[in-house]
1. Residue-wise, which Karplus ³J(HN,Hα) couplings in Hz belong to region 88-95, taking 6.51 cos²θ - 1.76 cosθ + 1.60, θ = phi - 60°, and x for glycine or proline?
2. Straight-line reach from LYS64: which lysines have a Cα under 27 Å away, not including same-chain ones fewer than 8 places off?
3. Looking at the square roots a ≥ b ≥ c of the eigenvalues of the Cα gyration tensor of the chain, which shape do they give, rounded for a/c under 1.5, prolate if a/b is larger than b/c, or oblate?
4. May I ask you to derive the FRET efficiency for ASN114 and LYS61 from their Cβ-Cβ distance with R0 = 25 Å, giving the value to the nearest 0.05?
5. Helix 46-55: angle to the longest alpha-carbon principal axis of the chain, degrees 0 to 90, nearest 10?
6. What ³J(HN,Hα) values, in whole Hz, does the Karplus curve 6.51 cos²θ - 1.76 cosθ + 1.60 give for region 76-85 when θ = phi - 60°, with x put for Gly and Pro?
7. Under the Karplus relation 6.51 cos²θ - 1.76 cosθ + 1.60, θ = phi - 60°, what is the ordered set of whole-Hz ³J(HN,Hα) values for region 103-114, x standing for Gly and Pro?
8. Given only helices, namely DSSP H runs of n ≥ 4 each adding -39500 (n - 2.57), what is the per-residue ellipticity at 222 nm of the chain, to the nearest 500 deg cm²/dmol?
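Read the figures in this text as sums done on the coordinates, not as results from a lab. Keep in mind that this is a model prediction, so the values were computed, not measured. Heads up, the Cβs are rebuilt from the backbone with ideal geometry, glycines too, and the neighbour counts pull from every protein chain shown.
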Amino acid sequence: MPTSYRVYVIELSRKVFTENRKFREANPQFNGALECLYVGMTSKTPQERFEQHRTGYRNAKGHKLSAAIVQKYGRYLRPSLYQDIPPMGREEAQEVEEGLALELRRKGYAVWFN
């Protein structure tokens, strides 16, 4: 049985917009009315993945698998923005991750995704 992946959303502290140049440059449309977000995908539960980000998780080979932006600015999961997205295969999850991130940007959020 193939591994299934979930797309998830984490709210970031607004400090990310003022302190992180790359984040700011990726979100020129942001006017401060909505939140700053991170969109990702995982084969874990969103809760498990959020904890990995917060603790700076590294795999057995020592590769960092957490996003520094979430480790520093992550506040909490935003299930209302992803709970209706079902589990899917890896390639589809990558497409959905990007699509959701761009949709949220169009709605006025500041968004980071990989």
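1. 7, x, 4, 4, 5, 4, 4, 5
2. Correct list for LYS64: LYS15, LYS22, LYS44, LYS72.
3. Values: a/c = 1.94, a/b = 1.28, b/c = 1.52.
Verdict is oblate for the chain.
4. Values: r = 19 Å, r/R0 = 0.76.
It comes to 0.85.
5. 70
6. Whole-Hz 3J(HN,Hα) from phi for region 76-85: 6, 6, 10, x, 4, 8, 9, 4, 8, 8.
7. Each residue's phi maps through the Karplus curve to give 5, 5, 4, 4, 7, x, 6, 9, 10, 10, 8, 9 Hz.
8. On the way: 5 runs with 44 residues, N = 114.
Calculated from helices alone, the mean residue ellipticity at 222 nm is -11000 deg cm²/dmol.
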